[in-house]
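Participant: Here it is, the structure, as structure tokens.
The values are calculated or read from the model by the stated rules, or taken from the named source; none is laboratory data. These numbers come from a predicted model, not from an experiment. Neighbour counts are summed over all protein chains in view; Cβ atoms, including those assigned to glycine, are modelled from backbone coordinates with ideal geometry. Calculation scope for accessible area: heavy atoms of the full protein, side chains included, ligands and nucleic acids excluded. Shrake-Rupley method; radii C 1.70, N 1.55, O 1.52, S 1.80 Å.
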Amino acid sequence: MRTLALRRQHDAALDLVNDIMAATPASGQIETIAAYRIGLNLAKLTGLLRIHFAQEDKALYPLMTASAYPEAAVLATGFQREMGGLAPAYFEFAKRWAASAAIASDSDGFRRDCAAIFGVLDERIRRENEELYPLADQITASMIRSVA
């Protein structure tokens with residue numbers, strides 16, 4: 001499985017996270033209009049991650065785990081064990097903060113939750129880009145060469 005589309009999704013997710021954080025003041029109350037813009041970007045991010053996690057968790061990880069390449073199986077299994085809880089945690093976060101009124105009424109809680117979930121998301125993206133995707137691309141190229 002080639003990972004170009006997954007890498008583009010990572011870039012788009014990080015752009016949305018940056019937009020959310022740029023609209024979130026470091027302290028104080030988040031104004032209603034800012035909370036609305038944050039909520040829109042959070043909804044976009046949630047839609048993107050719903051597709052992305054499904055592609056990874058239902059296609060990429062199982063293919064690598066079941067592959068004939070032991071290093072791929074070990075790496076994918078390790079990633080699943082370490083980071084498998086991110087999707088449910090993210091969707092719980094997104095559900096909690098789906099309404100802009102929730103963001104505006106508990107600005108400190110929103111900032112705290114963003115720091116926690118976006119930190120984990122950033123780490124997963126970084127590690128997948130640096131460790132998992134290069135191996136997946138290498139395996140795909142090898143499989144294509146062996147068929148050709």
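Participant: Just checking, which of A141, A115, A98 is small (G, A, S) and either in contact with a Leu (Cβ under 6 Å, 6 or more places away or on another chain) or closer than 16 Å to L4 by Cα (or both)?
Facilitator: A141
Participant: Which one of these does I51 not meet: (1) aliphatic (A, V, I, L, M); (2) open to solvent by less than 70 Å² (accessible area, probe 1.4 Å); (3) under 30 Å from D19 (Cα atoms); (4) in contact with a helix residue (DSSP H, G or I) (Cβ under 9 Å, 6 or more places away or on another chain)?
Facilitator: Single failed check for I51: (2).
Participant: Among helices (runs of 4 or more DSSP H) lying entirely in segment 77-148, which contain 1 or more residues that are closer than 23 Å to I38 by Cα?
Facilitator: Counting at least 1 such residues, we get 86-96, 100-105, 107-127.
Participant: Taking segment 103-118 as the search range and keeping residues that are free of Cβ contacts under 8 Å to residues at least 60 places away in the same chain and open to solvent by less than 40 Å² (accessible area, probe 1.4 Å), which one is nearest to E31 (Cα to Cα)?
Facilitator: Selected residue: G109.
Participant: In this structure, is G28 closer than 18 Å to K95 by Cβ and either outside any helix (DSSP H, G or I) or over 14 Å from the mean Cα position of the chain (by Cα) (or both)?
Facilitator: So G28 does not fit the description; no.
Participant: G28 fails exactly one of the following numbered conditions: (1) free of Cβ contacts under 8 Å to residues at least 24 places away in the same chain; (2) at positive phi; (3) not charged (D, E, K, R). What is the number of that condition?
Facilitator: (1)
Participant: What are the pairs, 6+ residues apart or on separate chains, where a residue within segment 75-92 that is under 20 Å from R112 (Cβ atoms) has its Cβ under 7 Å from a residue that is of a type in the set (D, E, K, R) and part of a helix (DSSP H, G or I)?
Facilitator: L86/R124
Participant: Looking only at segment 79-92, count every residue that is in contact with a Ser or Thr (Cβ under 9 Å, 6 or more places away or on another chain) and open to solvent by 10 Å² or more (accessible area, probe 1.4 Å) and tell me the total.
Facilitator: Adding up the residues that qualify gives 2.
Participant: Being part of a helix (DSSP H, G or I), among the aliphatic types (A, V, I, L, M), farther than 24 Å from L4 by Cα and out of contact with any Leu (no Cβ under 8 Å at 6 or more places or on another chain): is that true of A43 here?
Facilitator: no
Participant: Does A73 satisfy the condition of being touching a Phe, Trp or Tyr at 6+ places or on another chain (Cβ under 8 Å), in a helix (DSSP H, G or I), modelled with pLDDT of 90 or more and open to solvent by less than 80 Å² (accessible area, probe 1.4 Å)?
Facilitator: The answer is no for A73.
Participant: Would you confirm whether any residue within segment 126-144 is at pLDDT 95 or above, out of contact with any Phe, Trp or Tyr (no Cβ under 6 Å at 6 or more places or on another chain) and among the β-branched types (V, I, T)?
Facilitator: no
Participant: In this structure, does Q9 turn out to be crowded, with 18+ Cβ neighbours inside 10 Å, closer than 14 Å to E128 by Cβ and in contact with a Leu (Cβ under 8 Å, 6 or more places away or on another chain)?
Facilitator: yes
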